[in-house]
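Presented below is the structure to which this report refers.
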Amino acid sequence: MEKIKIIINGIPLEGEKGETILQIARRGGVEIPTLCESELVKNYGACGLCVVEAKGMPKLMRACSTVASDGMDIDTNSPRVLASRKLALELLMSDHDGDCKGPCGLNCPAGTDVQGYVKAIADGDDAEAVRILREKLPLPASIGRVCPHPCEKACRRKYLEEPISIAQLKFFAADRVLAADEQEIVKEAPTGKKVAVIGAGPGGLTSAYFLALKGHSVTIYEQMPKAGGMLRYGIPEYRLPKAVLDKEIAHIQKAGVEIRCGVTIGKDISFEELKAQNDAVIVAIGAWTGMKVGCPGEELKGVYGGIEFLRTVAEGNPVPLGEKVVIVGGGNTAMDACRSAVRLGAKEVSVVYRRTEKEMPAEKIEIEEAKEEGVNFRFLVNPCELIGEDGVLKSVKLQVMELGEPDAGGRRSPVPVEGKFEYIEADSFIAAIGQKVCPKGFEALELNRRGIIAADENSFRTNIEGVFAIGDATNKGASIAVEAIGEGNRAAAVVDAYLNGADVPYRRPFVSERNVCEKDFEDREKLPRAVMPTRPAEERKNDFSEIYLGFSEEAARKEAKRCLECGCHDYKDCKLIRYSDMYLNDIRFEGAKRRTESETKLVHIERNNGKCILCGLCVRVCDEVANKGILGLVGRGFTTVVKPEFADVNVAKICAECGKCVELCPTGALKKLI
């Protein structure tokens, strides 16, 4: 065979006369994107992704169908090529009606594969569920207990009855795996690089864990006597038993992470020393200082911050509360504080909040359980003065409020009702209205106007080279634990790249998402949500033992099977989304879409025309390779679809034995059912 020589992206390559540009490029290790090409069938050139530019040629050429000629000098990534490729993908995606990932996973701040681990639980494989979880989240049993589960808010089961109990399923599977303690840890070879992580909270533990898996030597420096951060010192035992947390921290240590507790930066070791001793530093110090209410009397004895109070409870040395306790705040910290006060023996525990119950950011279940335990709630009031005698708190003066006009976010702001006040007796007052960072020891780091460490939200870089910052101590301030875990995971990837000499900031992957409504689920069976068994209020309010009893195996499997499996079965292998993620940030075009219509006329193959891009691979492989011609393009223009014909009564049996169309489909539009 006669040989020819061409150049692709500056690389000299040799091919045979008659070969296409794509064939030569592929053999030479140069990737040219294509969705409609396969060596099994004739070239078609339908998708338009494989365009390339050749010197001296006025037009772009399709590499899959253009025969190479000797001396060609080809650029596969010129500005013209990239613009054309992007346009082709935008047009394809504008008509692609499919979910790459379930909305639950997209709404998880840690980016967990929710659909994947829920399916594993449904299939009875808890070890696989936890393996999937630990790809993103090394503390599944702890987070399963305390997470306010934003994933569930996005669950499409809500269009039928109620979301799946995702967080509690996580708790179920992780507990079973923790009890066996047999999960293997796979690490890369040692790199010789050293990383210091300051803070052993959820964000610090997570970043340390994933960097250790990459082969780096990681040491966490923690100020408190034990690791865990707010999971240990901010969340009461009745919600998160510390024995569970300890087991999960032990798993992180098993991965090679060293944890040094009782180390205060600026006292036991300076920030400058730590930086000099390591190749990178991650600051994950959290927000440990409670916000003050800002009214007269805060200096009185009996006045505490919410976080400080919860810390004394966790340490086993709670502050004296007396019989009457008032807590101000509407979040989960306020709920933890009031319910802890009940367990410490307070006779009258009241939560005061300046808006209505509807506006409370705390989880609804937390509010309901607090009420069951005897906590009183007073809404539309706000502390304006703490009144004392001889330096000791005696009562709280409350300004009566009313809701004013909605703010920019649609939330109605509370405004004082002039001259209207209420009074409530109090032996102690706990302010649970927010937290802020204490930057002592980190004076070299730049802070923003709110006194929080300034760090780039995608690269996590601070103003100091080699120093990164994550979690509650940065930008947005205090948030939920799973948010810190998500940042810890993403920061680990960025720091790993940095240690390998690259600057690769985090970029949210491009995915396809469907817009759905209740009508889309009219054909689905309604199934009740599993109810988590809970200790009776009269029993649980007297101690700090865990209040949730956990799902039975039967209940957990049944609950997991409620999953609608919204995400695409082919997501990890989908060529369309892989290329879209490479070239697109968003889609400029919007218009009518061929709605997703799954059907199983072929019995063993499910077809979804909403995901189909009309590349023709299935039609061609059925005709040219299987020699059956069962599939064909029906219609013209926008309404064109791929459909089977049933001239032969044995069509379904033929397809069951073949399945070549499924193997070649680049978008997940075809799925083999058995």
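Can you give me the ranges of the helices (runs of 4 or more DSSP H) entirely in region 89-150 with at least 3 residues that are modelled with pLDDT of 95 or more and open to solvent by 10 Å² or more (accessible area, probe 1.4 Å)? Even if it seems obvious, please write down each step before you answer.
Details: elements: 103-106, 114-122, 126-134, 140-146.
Counting at least 3 such residues, we get 103-106, 114-122, 126-134.
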Exactly one of Val634, Val621, Val625 is out of contact with any Leu (no Cβ under 9 Å at 6 or more places or on another chain) and modelled with pLDDT of 85 or more, and that one is Val634
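Looking for whichever is farther than 30 Å from Thr191 by Cβ, in contact with a helix residue (DSSP H, G or I) (Cβ under 6 Å, 6 or more places away or on another chain) and among the small types (Gly, Ala, Ser) here; the options are Ala555, Ala537, Ala491. Which one fits? Talk me through it step by step, then tell me what you get.
Numbers: Ala555 fails: in contact with a helix residue (DSSP H, G or I) (Cβ under 6 Å, 6 or more places away or on another chain); Ala491 fails: farther than 30 Å from Thr191 by Cβ.
So the residue among Ala555, Ala537, Ala491 that is farther than 30 Å from Thr191 by Cβ, in contact with a helix residue (DSSP H, G or I) (Cβ under 6 Å, 6 or more places away or on another chain) and among the small types (Gly, Ala, Ser) is Ala537.
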Filtered residues of region 613-644 (kept if open to solvent by 60 Å² or more (accessible area, probe 1.4 Å), assigned to a loop (DSSP other than H, G, I, E, B) and under 30 Å from Ser512 (Cα atoms)): Arg636
Yes or no: Glu161 on the phi < 0 side of the Ramachandran plot, open to solvent by less than 60 Å² (accessible area, probe 1.4 Å), among the acidic types (Asp, Glu) and out of contact with any Phe, Trp or Tyr (no Cβ under 6 Å at 6 or more places or on another chain)? yes
Subset of region 63-120 that is in contact with a strand residue (DSSP E or B) (Cβ under 7 Å, 6 or more places away or on another chain) and of a type in the set (A, V, I, L, M) - its residue that is farthest from Ala173 (Cα to Cα): Met72
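Residues of region 250-266 being open to solvent by 10 Å² or more (accessible area, probe 1.4 Å) and either within 25 Å of Ser340 (Cα to Cα) or under 22 Å from the mean Cα position of the chain (by Cα) (or both), which ones?
His251, the sole residue that qualifies.
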Which of (1) within 30 Å of the chain's Cα centre (by Cα); (2) open to solvent by 40 Å² or more (accessible area, probe 1.4 Å); (3) over 21 Å from Ala334 (Cα atoms) does Leu445 not meet, given it meets every other one? (2)
Residues (touching a Pro at 6+ places or on another chain (Cβ under 8 Å) and surrounded by fewer than 16 Cβ atoms within 10 Å (Cβ to Cβ)) located in region 569-595: Met582
Take region 298-312 and flag every residue that is open to solvent by 60 Å² or more (accessible area, probe 1.4 Å) and either among the hydroxyl-bearing types (Ser, Thr, Tyr) or in a loop (DSSP other than H, G, I, E, B) (or both). Glu299
Output the residues belonging to region 267-297 that are in a loop (DSSP other than H, G, I, E, B), of a type outside the set (A, V, I, L, M, F, W, C) and surrounded by 16 or more Cβ atoms within 10 Å (Cβ to Cβ). Asn278, Asp279, Gly286, Gly297
For region 333-377 the number of residues that are under 18 Å from Pro536 (Cα atoms) and among the basic types (Lys, Arg) is 4
Filter region 451-484 for residues that are hydrophobic (A, V, I, L, M, F, W, C) and part of a loop (DSSP other than H, G, I, E, B); which is modelled with the lowest pLDDT? Ala478
Qualifying residue in region 313-332 (condition: in a helix (DSSP H, G or I), modelled with pLDDT under 95 and open to solvent by 10 Å² or more (accessible area, probe 1.4 Å)): yes
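Of these, Glu188, Glu222, which one is at pLDDT 95 or above and touching a Cys at 6+ places or on another chain (Cβ under 8 Å)? Step through it out loud before you land on a result.
Working: Glu188 fails: touching a Cys at 6+ places or on another chain (Cβ under 8 Å).
Only one candidate passes the filter, namely Glu222.
Would you confirm, using the coordinates I've provided, whether Val342 is on the phi < 0 side of the Ramachandran plot and surrounded by 24 or more Cβ atoms within 10 Å (Cβ to Cβ)?
Numbers: on the phi < 0 side of the Ramachandran plot: yes; surrounded by 24 or more Cβ atoms within 10 Å (Cβ to Cβ): no.
Judged against the criteria, Val342 is not a match.
Let's see how each residue does on (1) within 27 Å of Cys563 (Cβ to Cβ); (2) open to solvent by 30 Å² or more (accessible area, probe 1.4 Å); (3) at pLDDT below 95; (4) among the acidic types (Asp, Glu):
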position	(1), (2), (3), (4)
Cys438	no, yes, yes, no
Arg449	no, yes, yes, no
Gly486	yes, no, no, no
Phe521	yes, no, yes, no
Leu527	yes, yes, no, no
Arg535	no, no, no, no
Would you check which residues across region 360-376 are open to solvent by 40 Å² or more (accessible area, probe 1.4 Å) and either closer than 29 Å to Pro406 by Cβ or of a type in the set (Phe, Trp, Tyr) (or both) and list them? Pro361, Lys364, Ile365, Glu368, Lys371, Asn376
Count - residues of region 537-563 that are surrounded by 15 or more Cβ atoms within 10 Å (Cβ to Cβ), part of a loop (DSSP other than H, G, I, E, B) and not charged (D, E, K, R): 5
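Please specify each residue of region 494-511 satisfying the condition of being under 13 Å from Asp279 (Cα atoms) and part of a helix (DSSP H, G or I). Write out each step before concluding.
Applying the first criterion (under 13 Å from Asp279 (Cα atoms)) to region 494-511 yields 495-501.
Hits for region 494-511 are Val495, Asp496, Ala497, Tyr498, Leu499.
If a residue counts only when it is open to solvent by less than 60 Å² (accessible area, probe 1.4 Å) and out of contact with any His (no Cβ under 6 Å at 6 or more places or on another chain), which strands (runs of 3 or more DSSP E) contained entirely in region 1-79 have at least 3 such residues? Give the derivation first.
On the way: elements: 3-8, 11-16, 51-54, 73-75.
Of the strands (runs of 3 or more DSSP E) lying wholly inside region 1-79, those with at least 3 residues that are open to solvent by less than 60 Å² (accessible area, probe 1.4 Å) and out of contact with any His (no Cβ under 6 Å at 6 or more places or on another chain) span 3-8, 51-54.
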Select from region 387-431 the residues that are among the small types (Gly, Ala, Ser) and part of a strand (DSSP E or B) and write down the one among them that is farthest from Val325 (Cα to Cα). Gly404
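Scan region 395-436 for residues that are touching a residue at least 24 places away in the same chain (Cβ under 8 Å), open to solvent by 50 Å² or more (accessible area, probe 1.4 Å) and in contact with a strand residue (DSSP E or B) (Cβ under 7 Å, 6 or more places away or on another chain) and jot them down. Before you say what the answer is, go through the steps one by one.
Filtering region 395-436 for residues touching a residue at least 24 places away in the same chain (Cβ under 8 Å) gives 395-398, 401, 403, 411-412, 414, 416, 421-436.
When the remaining residues are screened for being open to solvent by 50 Å² or more (accessible area, probe 1.4 Å), the result is 411-412, 416, 421-423, 425, 427, 433, 436.
Selection gives Arg412, Pro416, Phe421, Glu422, Tyr423, Glu425, Asp427, Ile433, Lys436.
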Evaluate the following for Lys247: is it in a helix (DSSP H, G or I), open to solvent by 40 Å² or more (accessible area, probe 1.4 Å) and touching a helix residue (DSSP H, G or I) at 6+ places or on another chain (Cβ under 7 Å)? yes
Filter region 333-364 down to residues that are assigned to a strand (DSSP E or B) and under 14 Å from Ser428 (Cβ atoms), then give me how many there are. 5
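The values are calculated or read from the model by the stated rules, or taken from the named source; none is laboratory data. These numbers were taken from a predicted model, which means no experiment stands behind them. Heads up, the Cβs are rebuilt from the backbone with ideal geometry, glycines too, and the neighbour counts pull from every protein chain shown. Just the protein is used for accessible areas: all its heavy atoms, side chains included, with ligands, DNA and RNA removed. Shrake-Rupley method; radii C 1.70, N 1.55, O 1.52, S 1.80 Å.
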